[in-house]
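Take a look at the structure below.
The values are calculated or read from the model by the stated rules, or taken from the named source; none is laboratory data. Keep in mind that what you see is a predicted model, and the values were worked out from it rather than measured. Positions of Cβ are backbone-derived with ideal geometry, glycine not excepted, and every protein chain shown enters the neighbour counts. We work out accessible area using only protein heavy atoms, side chains counted, and drop any ligands, DNA or RNA first. Shrake-Rupley method; radii C 1.70, N 1.55, O 1.52, S 1.80 Å.
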Amino acid sequence: MDFKNKVAVVTGGAQGIGRCIAEEFRRAGAMVCVIDKQAGSHFVGDLADKHVLEEFARQVVGEHGHVDYLINNALPLMKGLDTCSYEEFQYALSVGVTAPFYLAKLFTPHFAEGAAIVNISSSRDRMSQPQTESYTAAKGGIAALTHALAVSLAGRVRVNSISPGWIDTAYTVYEGPDAVQQPAGRVGNPLDIANMVLYLCSPKAGFITGENICIDGGMTRQMIYHGDNGWKLETL
């Protein structure tokens, strides 16, 4: 896939999955604009701040004149019912849902022909562990925002989302139960997500919009019953 002279915006692109996405775009020839709270040579700012989003958008458009791809990847806060305050829950939604919406709105007049948005949700948009409410709500929100934007931007911008499962950003190779519990036989890594992001932005995915693609090694497709296939529930 050739992205020469294309402009890709990646939020949360200084580390983890976001960094991998940015690197793969650059490798394919794109000009990449990153925003992240972490210090670095990219635009540094808090995605929960409306004015930061506006300044970042102005800088991107001022430097490049247009945007081809917007990748909303930044991680929201993960806290649960017992410890998450009202303010922290609002912050998680600001980073995970409001910022992707507002960046899409800010860039709408500047999206080039063939533009695409890819939102990074999570398999937690359909399943949960205890005490993860802020993160799960934000990821569920961005999954729903995806098809809403796809309809509003129909004919102008394709909008899709990806729901990663267990992705180890250190590329650790797991063995035993951690690997076997996933039908693919391994834990995922950032390239598993970045490869799909670039595909969804390419003309090869020209007939895909409003879709959510779960990349989790099949983990959410495996039914688990006590005593079946070697699985046993142990109460604490």
Check your understanding: Roughly how big is the chain's charge dipole about its Cα centre, with Cβ charges of +1 (Lys, Arg) and -1 (Asp, Glu), in debye to the nearest 20?
Key -> 580
Revision key, fill the gap. Around Ala30 (Cβ within 12 Å, Cβ-to-Cβ, excluding Ala30; K/R +1, D/E -1) the net charge comes to 0
Exercise for review: Starting from the Cα gyration tensor of region 30-74, multiply each eigenvalue by 5, take the square root, and state the resulting semi-axes largest first in whole Å.
Suggested key: 16, 12, 10
Check your understanding: With labels modelled as points extended 7 Å from the Cα through the Cβ direction, what inter-label distance (nm, one decimal) is found for Gln15 paired with Leu236?
Key -> 2.6
**Study point:** Within the chain, longest stretch free of exposed GluC sites (Glu not before Pro) [DSSP loop, at most 10 other beta carbons within 10 Å]
**Key:** 1-174
Point to revise | CD proxy at 222 nm, helix term only [per DSSP H run n ≥ 4: -39500 (n - 2.57); per residue of the chain; nearest 500] | key: -10500 deg cm²/dmol
Study note, to complete from the structure: Heavy-atom accessible area per residue of the chain, all protein chains kept, 1.4 Å probe, expressed in Å², is 52
Exercise for review: Tally up the carbon and sulfur contribution to the accessible surface of region 175-236 as a whole percent, 1.4 Å probe, everything protein left in place.
Suggested key: 56
Revision key, fill the gap. For Val187, other-chain or 5+-apart residues with amide H closer than 5 Å (H placed, Pro excluded) are Tyr174
Study note, to complete from the structure: In region 109-162 the accessible area split gives carbon plus sulfur, as whole percent at 1.4 Å, a share of 56
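At 15 Å minimum axial length over the Cα atoms and a Kyte-Doolittle cut of 0.5, report the qualifying DSSP H helices in the chain, or say none.
Span-like helices in the chain: 133-152, 190-201.
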Exercise for review: Choose one of Thr11, Ile213, Val61: the residue whose Cα lies farthest towards the positive end of the charge dipole of the chain (beta-carbon charges +1 Lys, Arg; -1 Asp, Glu; about the Cα centre).
Suggested key: Val61
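Taking DSSP loops as anything outside H, G, I, E and B, show the longest stretch in the chain free of chymotrypsin sites (Phe, Trp or Tyr not before Pro) there with at most 13 other beta carbons within 10 Å.
Longest gap between qualifying sites, sites excluded: 1-170.
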Review point. In nanometres, what is the gap between the two model label sites at His66 and Thr83, each 7 Å from Cα along Cα-to-Cβ?
Key: 4.7
